[in-house]
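Notes follow once the structure below has been shown.
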Amino acid sequence: MTSSEKCSRQDLFDFLAALGIETTTHEHEAVFTVSESHKIKEDLPGGHTKNLFLKDKKGKMMLVVCLNDTEVDLKSFHRKYDCGRVSFGNAELLWQHLGVRPGSVTPFALINDKDDHAINLVLDANLMKQDLVNFHPLENTATTAISRQDLLRFLEGTGHVPTILALEKEDA
C-alpha cells in the first residue's frame, strides 16, 4: 500500500491483529451524530465517544477524543492545549489526513496519518478511565470496542503519542 492510499476497515483489523489486539465489532445502520447513536450505545458496553477534528489558524490539526457526553469548550480549548484558537477542520482535510468522511471520525483513522504525523491527538482524561472504549472502524456502519490499554498500544503502533487532558467544560 502506498502512503497516499487510505487504509480500509479490513486493513485496520489486520493491523490490530498484527499487534495482538482483540476487538469486538457490532454492525449497525450508518450514524452521523452522537444523538443518532444513542440506541446503538444501549446495546454496547464501555465508553462511547465523540471525536472532533479541529485545526487552528496556523494549520495545526488535532483529533480530540472524549466521552460522548463531554462538553468541550472550543472557545477556551487553546488555553488547555498548546495551539491557537480552533475551529472544525473541513471534510477535504479530514479525508486527506485521516482517510475518513464526516460522521466516521475515529482515532483508528490515525492509521492513515503515516508519513508526516500531521495530526495531534488529544484524549480526554475521563475517557481514559474507561476499561473499554468504542469507536467506528473507519466507517460509521459499525462500532468497534477496544480496551483502553489496547487503544494506547494501537496509537503507539501508528507512531502517535496522545496528550491526555481534562476536557470537561469548566463552570464559569
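The values are calculated or read from the model by the stated rules, or taken from the named source; none is laboratory data. Remember, it's a predicted structure, so these values are computed and weren't measured experimentally. Cβ coordinates were reconstructed from backbone atoms using ideal geometry, including for glycine residues, and neighbour counts include every protein chain displayed. To get the accessible areas, we keep the full protein, side chains included, count just its heavy atoms, and leave off ligands, DNA and RNA. Shrake-Rupley method; radii C 1.70, N 1.55, O 1.52, S 1.80 Å.
The set of residues in region 129-148 that are without any contact (Cβ under 8 Å) to a residue 60 or more places away in the chain and crowded, with 18+ Cβ neighbours inside 10 Å contains only His136.
Within region 57-94, being under 16 Å from Met128 (Cβ atoms), under 15 Å from the mean Cα position of the chain (by Cα) and not in a loop (DSSP other than H, G, I, E, B) holds for Leu63, Val64, Val65, Cys66, Leu67, Val72.
Which of the following residues is in contact with a helix residue (DSSP H, G or I) (Cβ under 7 Å, 6 or more places away or on another chain), within 22 Å of Lys169 (Cα to Cα) and either open to solvent by 50 Å² or more (accessible area, probe 1.4 Å) or modelled with pLDDT of 95 or more (or both): Arg101, Arg85? Talk me through it step by step, then tell me what you get.
Values: Arg101 fails: within 22 Å of Lys169 (Cα to Cα).
Criteria check complete, one pass: Arg85.
Quick one: is Ala125 among the hydrophobic types (A, V, I, L, M, F, W, C), under 16 Å from Thr24 (Cβ atoms) and open to solvent by 10 Å² or more (accessible area, probe 1.4 Å)?
Details: among the hydrophobic types (A, V, I, L, M, F, W, C): yes; under 16 Å from Thr24 (Cβ atoms): no; open to solvent by 10 Å² or more (accessible area, probe 1.4 Å): yes.
Considered against the rule, which asks whether it is among the hydrophobic types (A, V, I, L, M, F, W, C), under 16 Å from Thr24 (Cβ atoms) and open to solvent by 10 Å² or more (accessible area, probe 1.4 Å), Ala125 comes out as no.
In region 77-95, the residues that are closer than 25 Å to Ile111 by Cβ reach residues that are open to solvent by 50 Å² or more (accessible area, probe 1.4 Å) and assigned to a loop (DSSP other than H, G, I, E, B) with C-beta atoms within less than 6 angstrom, at least six apart or across chains, in these pairs: Cys83/Lys60; Ala91/Pro102. Restricting Leu127, Leu138 to those that are closer than 19 Å to Phe13 by Cβ and under 15 Å from the mean Cα position of the chain (by Cα) reduces the list to Leu138.
Looking across region 149-172 at every residue that is open to solvent by 70 Å² or more (accessible area, probe 1.4 Å) and among the acidic types (Asp, Glu), the one that is nearest to the chain's Cα centre (by Cα) is identified as Glu156.
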